[in-house]
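Visitor: Below are the structure tokens for one structure; questions will follow.
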Amino acid sequence: MQNTKKKLIIFNPSIEDGGVEKNLYIITNYLVKKFNNIQVISANPEKKNKFLNKIKFSYPKNKFWHNKSRPYKYFICLYMLLKEIIHNKNILVFSFQANIYCIILCKIFNIKIIVRSNTSPSGWSKNFMKKLIFNYYLKKADHIIANSVIFKKQLEKQFKVKVSVIYNPLNIKHIADLSKKKIKISLFNSNIRSLKIVNIGRLTDQKDHLTLLKAINLIKNLIPIKLVIIGKGTNYSNLNYYIKENNLKNYIKLVGYKKNPYNYIKKSDLFVLSSKFEGLPNVLMEAMYLKKFIISSNCPTGPAEILNNGKYGFLFKVSDHNYLSKLIVKYFNNKKKLQGKINKGYKSLKRFNFQKNCFEYYKVITKYIND
């Protein structure tokens, strides 16, 4: 373990329950084995147990902030970071979230900052003012990390910045262990030999679950089909309304957030991702490791790269529920013939090797932490 010149501060104000957070835990817990002084700043104290004890976990003591929306958490955590900077300028900041705000604060005080971009700019750069701000301030970061090659190219082309790629480290032992845990899913336990589908993602516009629901509605009378959607979010009521209005209760179940989604994937036949935009969706790699066939929207960025432009699964145009429905039927009618795609995808997972990609983060941090 290195006794570094600088303290490493990991900045992630709003720790939620998605792929970004999985990578946050994996990378931070790996780095603390390499560096002796790491602090996490977040407004979610309930996530403290996700980090190793050696990591100092800082959060606002006033409970007012803990369940607030992202902007509130950004504000209080930036204030906490400011206090840290005033107290000790000998720090290196590694930002996972609110990157532009964090860059501005760090540059005011001449603090080195590494940022990890998590989501394709397609999702956040359409606003003219936002684009101007990103164009100016993203260049101020000392190092920018993207998690896919396509994502890197988008950032470099749109914002004229230099970006390095580090793939998400896939913890296959963790996935394997949790996938073995027994679970009862009433929708999947029918005597009818139905096609069992799983989707995992926050119930938000970004994940576009409505496209998946519409696809199921088109084919519910064509093939025996069951869909379980894992996740919570602001679109729950709208999705539930669609299910009721279209008599889909016997076909679709919203089961909420699950700490362990892997046993659900294990029990399914097919994984479907319907997002409008992503970064590098972990759930596709996890489904691939558990040897499930994958159908995904060809959204920016990640799915096409993970599925090798459709060689390891099917891709459909974003929000095209008609074509998605046809692909689901195609898979149902050709399961055995499509096994080869599953096997090829499984073999390709070496790109996401846990140790190799964690070590890439270590090398980037090392470059700046001893300056």
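The values are calculated or read from the model by the stated rules, or taken from the named source; none is laboratory data. What you see is a predicted model; the values in this text were computed from it and never measured. We place every Cβ from the backbone using ideal geometry, glycine too, and count neighbours over all the protein chains shown.
Visitor: Out of (1) surrounded by 14 or more Cβ atoms within 10 Å (Cβ to Cβ); (2) over 30 Å from Tyr262 (Cβ atoms); (3) of a type outside the set (Val, Ile, Thr), the odd one out for Ser194 is which?
Guide: (2)
Visitor: Can I ask one more? Just to be sure, is Glu46 within 23 Å of the chain's Cα centre (by Cα), modelled with pLDDT of 95 or more and more than 26 Å from Thr301 (Cβ to Cβ)? Explain how you work it out, then say what you get.
Guide: Details: within 23 Å of the chain's Cα centre (by Cα): yes; modelled with pLDDT of 95 or more: yes; more than 26 Å from Thr301 (Cβ to Cβ): yes.
So Glu46 fits the description; yes.
Visitor: Of everything in the range 71-89, what is charged (D, E, K, R) and modelled with pLDDT of 95 or more? Give them in sequence order. Before you say what the answer is, go through the steps one by one.
Guide: So in the range 71-89, the residues charged (D, E, K, R) come out as 73, 83-84, 89.
Lys73, Lys83, Glu84 - these are the residues of the range 71-89 that are charged (D, E, K, R) and modelled with pLDDT of 95 or more.
Visitor: Looking at Glu278, Glu286, can you tell me which residue is touching a Cys at 6+ places or on another chain (Cβ under 7 Å) and charged (D, E, K, R)?
Guide: Details: Glu286 fails: touching a Cys at 6+ places or on another chain (Cβ under 7 Å).
Exactly one residue qualifies, and that residue is Glu278.
Visitor: Residue under question is Asn353, and the condition is that it be within 16 Å of Phe293 (Cβ to Cβ), under 25 Å from the mean Cα position of the chain (by Cα) and surrounded by fewer than 19 Cβ atoms within 10 Å (Cβ to Cβ); does it hold? First the steps, then the outcome.
Guide: Details: within 16 Å of Phe293 (Cβ to Cβ): no; under 25 Å from the mean Cα position of the chain (by Cα): yes; surrounded by fewer than 19 Cβ atoms within 10 Å (Cβ to Cβ): yes.
Spelling it out, it is not the case that Asn353 is within 16 Å of Phe293 (Cβ to Cβ), under 25 Å from the mean Cα position of the chain (by Cα) and surrounded by fewer than 19 Cβ atoms within 10 Å (Cβ to Cβ).
Visitor: Restricting to the range 272-291, what's the tally of residues that are modelled with pLDDT of 95 or more and crowded, with 23+ Cβ neighbours inside 10 Å?
Guide: Total satisfying the criteria: 10.
Visitor: Go through the range 56-83 and count every residue that is in contact with a strand residue (DSSP E or B) (Cβ under 7 Å, 6 or more places away or on another chain) and either under 18 Å from Ser14 (Cβ atoms) or not assigned by TED's automatic domain parsing to the domain that holds Asn29 (or both). Walk me through how you get there before you give the answer.
Guide: Filtering the range 56-83 down to residues in contact with a strand residue (DSSP E or B) (Cβ under 7 Å, 6 or more places away or on another chain) leaves 56-58, 77, 80-81.
Still in the running and either under 18 Å from Ser14 (Cβ atoms) or not assigned by TED's automatic domain parsing to the domain that holds Asn29 (or both): 57-58, 77, 80-81.
So the answer is 5.
Visitor: Restricting attention to the range 11-20, does a residue exist that is without any contact (Cβ under 8 Å) to a residue 40 or more places away in the chain, among the β-branched types (Val, Ile, Thr), touching a strand residue (DSSP E or B) at 6+ places or on another chain (Cβ under 7 Å) and surrounded by 20 or more Cβ atoms within 10 Å (Cβ to Cβ)?
Guide: Our first condition is that a residue be without any contact (Cβ under 8 Å) to a residue 40 or more places away in the chain; within the range 11-20, this holds for 15.
So of that shortlist, the ones also among the β-branched types (Val, Ile, Thr) come out as 15.
Restricting the remaining residues to those that are touching a strand residue (DSSP E or B) at 6+ places or on another chain (Cβ under 7 Å) gives none.
Within the range 11-20, not a single residue is without any contact (Cβ under 8 Å) to a residue 40 or more places away in the chain, among the β-branched types (Val, Ile, Thr), touching a strand residue (DSSP E or B) at 6+ places or on another chain (Cβ under 7 Å) and surrounded by 20 or more Cβ atoms within 10 Å (Cβ to Cβ).
Visitor: Determine which single condition Lys335 fails, assuming it passes every other condition in (1) outside any helix (DSSP H, G or I); (2) in contact (Cβ under 8 Å) with a residue 60 or more places away in the chain; (3) within 20 Å of Asn168 (Cβ to Cβ).
Guide: Status for Lys335: all satisfied but (3).
Visitor: Evaluate the following for Phe188: is it more than 30 Å from Ile219 (Cα to Cα), touching a strand residue (DSSP E or B) at 6+ places or on another chain (Cβ under 9 Å), aromatic (Phe, Trp, Tyr) and touching a residue at least 40 places away in the same chain (Cβ under 8 Å)?
Guide: Details: more than 30 Å from Ile219 (Cα to Cα): no; touching a strand residue (DSSP E or B) at 6+ places or on another chain (Cβ under 9 Å): yes; aromatic (Phe, Trp, Tyr): yes; touching a residue at least 40 places away in the same chain (Cβ under 8 Å): yes.
No: the conditions fail for Phe188.
Visitor: If you check Ile133, Ile166, Ile114, which single one turns out to be of a type in the set (A, V, I, L, M, F, W, C), surrounded by fewer than 20 Cβ atoms within 10 Å (Cβ to Cβ) and touching a residue at least 24 places away in the same chain (Cβ under 8 Å)?
Guide: Ile133
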